[in-house]
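Following: one structure in C-alpha cells, then a few remarks.
The values are calculated or read from the model by the stated rules, or taken from the named source; none is laboratory data. Please read these numbers as outputs of a predicted model, since none were measured by experiment. Cβ atoms come from the backbone with ideal geometry, glycine included; neighbour counts cover every protein chain shown.
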C-alpha cells in the first residue's frame, strides 16, 4: 500500500448543548477553507475532511487526509499550519458573516426528516448514547440564536488552536510503502517531540487514561 493517511481527533467535551453548537458552528465555518487550503492549494490528498464527531456523547473535531505525496507526520504539520492561518480569519470574521453561518446551521437543524428511517435513527442514537435529549434540535437552535461571535472565538482559543489550554489531540497515522523511511524516523523518536506521547500498547494506554463517565450509568442501567 502506497497511501499514507492522517486522522486527527481533537476531543472537546462530553455532550453539552452550548458546547455542541460552538463545535458544530466552528466545523461549518472551517470546513470549506480547510478543503480549499489542504486539498486544492497544497494538494495533500484527494480525501480531505474536516467535520465534528460524536462518539457516544463525547464530541470532537476530526480531520482526515489520505495522501500519496506526503507522510502522516507532514500531513499533521500542515493541519497545524492551517489552524494557525485560520485563526486570523476567524478573528477577522465580520458580524454579518458570523450571523450568516449561524443562520445556515439553524436552517440545517430545522430541516424536516426525509423519511421515517432518518427520524427513528435520531431517537435510537439518543437512546444508544444514553443522552436522551429528544428535544436536541430545538435546544441547539435556541442556543445558536443566543451565541455571540466572541463566544465562538473563546471556544477556539480554549479547545482548538495549537496552544489551547484544553486541547487534547489523538493522531492516528498510517504509513504506506512510499514512506517507510519516514516511519522509521518517527518510531525511533519514541515520543521525543514536545507535548506528544507515542502509543505502543493501545490497551495499556487506554487503561491508564481518565475516561468520561457513561451517560448510561453502570452495568447497562440507563440514567433517567
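Tabulated values for the structure
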| read-out | value |
| --- | --- |
| Residue in region 137-151 that is farther than 21 Å from residue 61 by Cα and not in a helix (DSSP H, G or I) present | no |
| Check on residue 166, closer than 24 Å to residue 63 by Cβ, out of contact with any strand residue (DSSP E or B) (no Cβ under 7 Å at 6 or more places or on another chain) and modelled with pLDDT of 80 or more | yes |
| Close pairs (6 angstrom Cβ cut-off, 6 or more residues apart or separate chains): under 21 Å from residue 8 (Cβ atoms) in region 198-218, modelled with pLDDT of 75 or more and assigned to a helix (DSSP H, G or I) anywhere | 199/205 |
| Unmet criterion (only one of (1) under 21 Å from the mean Cα position of the chain (by Cα); (2) at pLDDT 95 or above) for residue 131 | (2) |
| Failed item in (1) more than 16 Å from residue 161 (Cβ to Cβ); (2) modelled with pLDDT of 95 or more; (3) crowded, with 20+ Cβ neighbours inside 10 Å, with residue 96 passing the rest | (3) |
| Criterion (surrounded by fewer than 13 Cβ atoms within 10 Å (Cβ to Cβ) and assigned to a helix (DSSP H, G or I)) met by exactly one of 134, 83, 123, 155 | 123 |
